[in-house]
Each structure stands twice: as C-alpha cells, then as structure tokens.
Amino acid sequence: MSKWRMDNMALMYLAKINLTAGIFDVYDNKLNLDDVKQTIYDELDENKMFSTSSNCKYRDSLGNIRRMPQLSKYSLKELKKQDAGIITGKLVRAFNKPTEIIDESGKVLQSSNEEAVSIYFYLDSKQEMIAFSERQSFGYNQFMTAFAFILSQNTKKYKFEIFLQKDKGALEGKIRSLKSIQNIKATLIPPNSNDKDLEEFRNSLRYMQDCRDVNANKFKMEMSTTDERHSLKIDSKYMQDIYTAVSKGYGEVNTTGINQNGKRQTISSNQDAALIRIIDENLTEEEYNRESRSFIHEWIMKLLKSVAS
C-alpha cells in the first residue's frame with residue numbers, strides 16, 4: 001500500500017459491551033440478556049455525564065516540565081436510534097488545555113484554553129458491539145471508560161464494562177515469538193451470554209468457576225516464574241482460556257518475557273493485538289455506518305464458526 005494511501009486511512013476499533021453486575025442472574029436464567037439489550041437501546045440518552053481529573057504535563061518556554069490540573073467532561077451528543085437496535089452518535093470530551101496568551105503590555109502569560117473533541121460511534125445493542133475510531137487527545141481507553149460509565153448511569157439497574165475485541169492469532173503469534181514468558185497479568189470478566197451454544201465455552205473456562213464460587217464479576221490474576229531457564233506454558237489450559245476470553249472481548253492481558261534479542265518485552269493485548277479495520281478517513285456518516293455494520297457482522301460470523309468448531 002502506498003504512503004499516500006496509508007496517510008489517507010484511519011483505524012476502526014471494535015469493542016464488546018459486557019454486563020458485569022447481574023451476570024450470574026443471566027446464567028441462572030433469572031435475567032434475560034435480551035431485556036438488558038433492549039434497556040440499553042431504550043434508555044440511552046444525552047443527559048448523563050462522566051468527569052475525570054488529572055495532572056496535565058507540559059513544557060514551558062524554558063523547556064521545564066510543568067503540571068496543570070486538567071478536568072475532562074464526557075457526554076453523548078447527536079444520538080440517533082435506528083431499527084434493529086442500532087444507535088449512532090458522538091461521545092464528546094471537553095477539557096482544558098495549557099496555552100499562552102499575550103497581554104496588553106506584550107507579556108506572554110501562561111493560561112489554559114477550553115477545547116472539545118468528539119468520537120463518532122456505531123452501537124449495535126443486540127450484538128453488544130460498538131465500533132469507533134480514535135482522535136487526537138481522545139484515545140480508546142478514555143472512550144471505553146467514559147462510555148461504560150454513561151451507559152451504566154443511563155441504565156440504573158445494570159453495570160457495564162467495555163473491552164476491545166482482539167485478534168487471537170495476532171496476540172498468540174507475538175507471544176510465541178518470545179524466547180520465554182516470565183510473567184502474565186490479566187483482567188477477566190464472566191462471558192456475557194445465556195445462549196446454549198456458548199454455554200459449553202463459558203463452562204470450560206477455568207477462571208469462571210473461581211468467579212462463581214466467590215460471586216465475583218471481575219477476576220484479576222498474575223502468574224510468573226523467577227527461573228529464566230524455563231518459560232510459562234502458553235499451551236496450558238489456563239493460558240489458553242485467558243487468551244481465548246480476551247480475544248472475545250472479555251478482558252485484557254499483558255504478557256512479559258524475553259525476546260529473541262535477549263531483551264525484556266511486554267506484549268499488550270490492547271496495543272499489540274486489538275482487532276482493527278483500516279478505513280478511509282474521509283467517510284460520510286452513512287459510509288462509516290456501513291463499514292461498522294460489516295465489521296461487526298464479519299466478527300460475529302467468525303465467533304460463531306470458532307464455537308461450532
């Protein structure tokens with residue numbers, strides 16, 4: 001692909017919306033997941049907001065590192081609800097950014113400027129999938145955290161978390177390229193499904209029994225070896241469960257080991273194996289919706305084939 005062509009392309013991400021609080025009621029048939037999906041579609045509106053604060057680092061005119069309190073406010077705008085459970089709209093991040101002004105005497109003063117940046121999204125509530133693209137000053141982690149909070153606020157009865165879908169082949173390929181695996185850290189949640197065809201997959205996950213035993217809807221684990229002569233076993237049942245669950249949008253994992261150059265390296269499921277689609281950066285809303293719909297459909301078909309096999 002030519003450099004000009006690459007310069008005119010953008011990345012589309014696909015993320016999984018997961019019910020956390022109440023997921024075991026779904027497993028026990030006390031709660032119908034279809035009702036949760038309908039609630040998402042019916043109750044999502046533009047009235048809720050998510051706020052975060054942090055210290056923004058910047059350099060002054062002398063090159064010194066300075067810090068400024070930064071408040072970010074996230075809200076939904078231009079929501080459109082279509083047939084078949086589809087919602088489109090924009091998630092807006094409004095924040096203050098360091099800048100400088102020149103006063104009447106000609107002196108340069110440090111100040112801040114209010115800015116806003118939005119990300120357009122395509123939400124398929126029936127498939128619990130959301131497609132979007134990053135913007136400068138608005139990354140995928142910010143998007144998923146803010147959207148999950150606003151979604152939970154809109155649907156008071158339920159709580160949600162959002163994780164990127166991953167390419168399992170790409171993830172395992174990069175991990176297998178390491179000479180040895182020394183450490184693995186994972187955050188996992190119980191799979192969202194009450195479908196019979198996914199029940200076997202759900203029950204096969206070893207961490208699932210631990211979650212059910214203690215009524216936990218989030219599972220964090222870390223395994224490591226201090227013996228550099230031996231690697232953690234990527235083909236073990238436990239490791240394969242982790243990579244399978246993560247690839248289906250039920251968590252994230254960081255794997256650290258020694259690469260072929262003898263250097264320590266960490267493979268991040270989000271940074272190194274996120275499921276992406278390369279799209280033209282000059283799409284209309286209709287074209288973006290069409291790309292999103294196709295992306296979701298292809299991924300669902302792939303998941304169904306993997307379950308069937």
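The values are calculated or read from the model by the stated rules, or taken from the named source; none is laboratory data. Because the structure is a prediction, the values reported are computed rather than measured. Quick reminder, even Gly has a Cβ in these numbers, built from the backbone with ideal geometry, and neighbours come from all protein chains shown.
Report yes if Lys156 is closer than 15 Å to Leu19 by Cα and either of a type in the set (D, E, K, R) or surrounded by fewer than 21 Cβ atoms within 10 Å (Cβ to Cβ) (or both), otherwise no. Answer is yes for this residue. The set of residues in the range 150-178 that are in a strand (DSSP E or B) and free of Cβ contacts under 8 Å to residues at least 24 places away in the same chain is empty. Confirm whether Leu205 is modelled with pLDDT of 90 or more and either outside the structural domain of Ser133 (by TED's automatic domain parsing) or surrounded by 15 or more Cβ atoms within 10 Å (Cβ to Cβ) (or both). For Leu205, the condition - modelled with pLDDT of 90 or more and either outside the structural domain of Ser133 (by TED's automatic domain parsing) or surrounded by 15 or more Cβ atoms within 10 Å (Cβ to Cβ) (or both) - is not met.
Looking at the structure I just gave you, is Asp167 surrounded by fewer than 20 Cβ atoms within 10 Å (Cβ to Cβ) and either acidic (Asp, Glu) or more than 17 Å from Lys37 (Cβ to Cβ) (or both)? Criteria met by Asp167.
Every condition in (1) of a type outside the set (Lys, Arg); (2) more than 22 Å from Asp272 (Cβ to Cβ); (3) surrounded by 16 or more Cβ atoms within 10 Å (Cβ to Cβ); (4) in contact with a strand residue (DSSP E or B) (Cβ under 7 Å, 6 or more places away or on another chain) is met by Gln127 except one, and the failing one is (4). Checking each residue in the range 255-269 for being surrounded by 12 or more Cβ atoms within 10 Å (Cβ to Cβ) and under 16 Å from Gly173 (Cβ atoms) picks out Thr255, Gly257, Asn259, Gln265, Thr266, Ile267, Ser268, Ser269.
Go over the candidates Ile242, Ile181 one by one and state the one that is in a helix (DSSP H, G or I) and among the β-branched types (Val, Ile, Thr).
Ile242
For the residues Ile65, Ile40, the requirement of being more than 17 Å from Tyr288 (Cβ to Cβ), of a type in the set (A, V, I, L, M, F, W, C) and exposed (fewer than 14 other Cβ atoms within 10 Å of the Cβ) singles out Ile65. When you look at Ser231, is it surrounded by fewer than 16 Cβ atoms within 10 Å (Cβ to Cβ), assigned by TED's automatic domain parsing to the domain that holds Lys16 and not in a strand (DSSP E or B), yes or no? When the stated conditions are applied, Ser231 does not pass them. Within the range 276-283, not a single residue is surrounded by fewer than 18 Cβ atoms within 10 Å (Cβ to Cβ), in a loop (DSSP other than H, G, I, E, B) and not assigned by TED's automatic domain parsing to the domain that holds Lys81. Sort out which residues of the range 58-99 are modelled with pLDDT under 85 and out of contact with any strand residue (DSSP E or B) (no Cβ under 6 Å at 6 or more places or on another chain), and write them in order of number. Scanning the range 58-99 gives Ser61, Leu62. Determine, yes or no, whether Lys248 is farther than 21 Å from Phe24 by Cβ, of a type in the set (Lys, Arg) and in contact (Cβ under 8 Å) with a residue 24 or more places away in the chain. The answer is no for Lys248.
Give Lys248, Lys305 a once-over and let me know the one that is among the basic types (Lys, Arg) and under 22 Å from Glu161 (Cβ atoms).
Lys248
For the range 1-37, filtered to residues that are aromatic (Phe, Trp, Tyr) and modelled with pLDDT under 90, the residue that is surrounded by the fewest Cβ atoms within 10 Å (Cβ to Cβ) is Trp4.
Here is a yes/no grid of residues against (1) outside the structural domain of Asp124 (by TED's automatic domain parsing); (2) outside any loop (DSSP other than H, G, I, E, B):
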position: Lys30; (1), (2): no, no
position: Thr39; (1), (2): no, yes
position: Asp42; (1), (2): no, yes
position: Ser51; (1), (2): yes, yes
position: Lys57; (1), (2): yes, yes
position: Leu62; (1), (2): yes, no
position: Lys80; (1), (2): no, yes
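In the range 135-149, the qualifying residues are those that are assigned to a loop (DSSP other than H, G, I, E, B) and over 11 Å from the mean Cα position of the chain (by Cα), and the one that is surrounded by the fewest Cβ atoms within 10 Å (Cβ to Cβ) is Gln136.
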